[in-house]
Structures are given as structure tokens and as C-alpha cells.
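In what follows, a structure is listed as C-alpha cells, so that the remarks can point back to it.
Since every read-out is calculated from the coordinates, none of them should be taken as a lab result. Only a predicted model underlies this, so the values are computations on that prediction, with no experimental measurement involved. In this analysis, Cβ positions are derived from the backbone assuming ideal geometry, glycine residues included, and neighbour counts consider all displayed protein chains.
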Amino acid sequence: MQPLLLRAQIIDACRRMEASGLNRGTSGNVSCRDGDHFLITPSGVPVDKMTPAGIVAVGFDGHVIGPGKPSSEWHFHRDILQSRPDMHAVVHTHSPHATALACLHEELPPFHYMIAIAGGDSVRCAPYALFGTEALSMHALAALDGRKACLLGNHGLIALGRDLDEALAIAIEIESLCEQYLLARQVGKPALLSEAQMRDVIDKFQGYGRNAHSP
Ligand SMILES: [Zn+2]
């Protein structure tokens with residue numbers, strides 16, 4: 001893919017995050033694999049000020065190619081893209097409902113079949129660690145094992161995809177599921193689907209084919 005096109009797609013993903021209520025201000029960040037390095041949103045730049053040329057390239061060895069400073073959260077983007085060769089895009093957000101659940105250090109249980117969009121029967125919550133640290137990367141990688149999304153304790157949400165569209169679709173869906181779950185919790189105890197019921201959903205999702213982002 002042409003590098004400029006990929007850079008424009010990253011900005012487009014940021015705009016869609018803001019439009020869908022996932023991001024406010026400069027807290028979210030987006031990355032995408034680009035050959036022997038990855039591209040990531042710059043540090044502290046609001047979406048309306050981002051330009052394709054201002055998207056920052058970083059080597060997998062941590063060498064900042066530039067221009068400017070990458071998001072201060074680039075470490076876990078790098079570590080995820082390195083550890084998950086099948087995933088090519090990472091979306092991170094402090095979206096309100098996912099973050100609220102993450103602040104309770106609770107995972108998102110199988111209260112709704114769409115949980116399977118993230119590849120399992122829950123969305124795990126990683127323990128808290130300071131942003132930009134190896135500890136946060138390790139916690140995130142463990143919570144993402146076999147999954148395409150996880151919550152970060154006292155922090156937010158990470159979603160992965162084979163491309164930016166998939167990562168963004170999963171982030172939007174998980175934020176929406178967190179909202180529904182918290183709403184249900186306000187009036188009762190949501191009924192949970194069984195392991196077998198979730199297995200059926202996961203099998204059916206996989207049957208939709210590689211390019212299906214949602215049923
Ligand atoms: Zn963050």
C-alpha cells in the first residue's frame with residue numbers, strides 16, 4: 001500500500017473515533033504496520049491538526065524515524081504488532097464506558113453474544129501499569145492472548161485488527177457493549193451466556209469469512 005494512503009487512513013480512523021464518541025481531545029491513538037516499521041499518531045496533536053506527513057514512523061527496535069514525537073503510548077502498539085504478526089492495526093481509546101469498566105478492574109463477561117467479535121467469551125481487563133512502560137505492554141499482551149480486544153485497568157481499551165477498519169469496528173462495538181453492560185448492571189444482574197453458547201457464536205462468526213468484521 002502507498003505510504004501516504006496508509007497515513008491518510010490513520011487520520012480517517014481518528015476522525016471516525018471522534019465522530020463515534022470514542023475519543024475526546026488527544027487521548028486516543030492509532031497505529032498500523034507498514035513493512036519493517038509502523039506508523040502511529042503523533043503525540044498531543046488533535047485530529048483536526050493532523051496531516052498525513054505528520055504521522056510518525058517508528059522502527060520495531062524503538063527507533064523513532066519521525067517526523068516529530070510519536071504518541072507517548074507507542075510502546076504497547078509496537079509490542080502488540082511485534083507479538084501478533086496476524087494483526088496489522090491497533091486502536092487505543094479512553095472511551096467512557098470501556099474505561100469505566102476498566103476502572104472497576106472487571107472484565108466484560110459474555111452477557112451478549114457480540115462479545116465474540118473480540119475472539120473469545122470475554123474481554124479481559126489487564127492490571128494497571130504506568131503508560132509507556134514494559135509492564136503495561138506485558139499486561140496488555142497477556143490480556144489480549146487469543147483475543148482482539150482488552151481493557152486496561154484504570155486506563156482504557158485496546159482493539160486490534162487485520163486492518164484499521166476491523167480494529168476500529170471492534171473498538172466501537174466493545175465500547176457499545178460496555179455501555180449496555182453497565183446499563184444492565186444498574187437494574188440487575190445480567191444473565192450470562194454459557195461456554196457452549198459462546199462457542200457456537202464464535203464458530204458462526206468465523207464462518208462469515210476473513211473479511212467479515214461483524215455479522
Ligand atoms: Zn491511553
Degrees between helix 74-83 axis and first principal axis of the chain (Cα, 0 to 90, nearest 10): 70
In degrees, nearest ten, helix 164-187 long axis to first principal axis of the chain (Cα): 40
Proximal charge balance of residue 85 [Cβ under 12 Å; K/R count +1, D/E count -1]: +2
The range 93-166 - share of DSSP beta bridges that are antiparallel (%, nearest 5): 75
Set of lysines near residue 204 by C-alpha distance (under 30 Å), chain-local residues within fewer than 8 positions excluded: 148, 189
Principal axis dimensions, the chain - Cα atoms, whole angstrom, descending: 50, 34, 31
Contour minus Cα-Cα distance for residue 105 and residue 195 (0.36 nm per residue): 30.2 nm
Cα centroid of the range 40-116 to Cα centroid of the range 179-199, whole Å: 27
Dimensionless Rg over Rh [the range 80-152; C-alpha; Kirkwood]: 0.94
Added length on full extension, which subtracts the Cα-Cα distance from 0.36 nm per residue, residue 204 to residue 184: 4.6 nm
Within the range 103-179: Cβ-based charge dipole about Cα centre, in debye rounded to nearest 20 (Lys, Arg +1; Asp, Glu -1): 160
Net charge of neighbours whose Cβ lies under 14 Å from the Cβ of residue 68, counting Lys and Arg as +1 and Asp and Glu as -1: +3
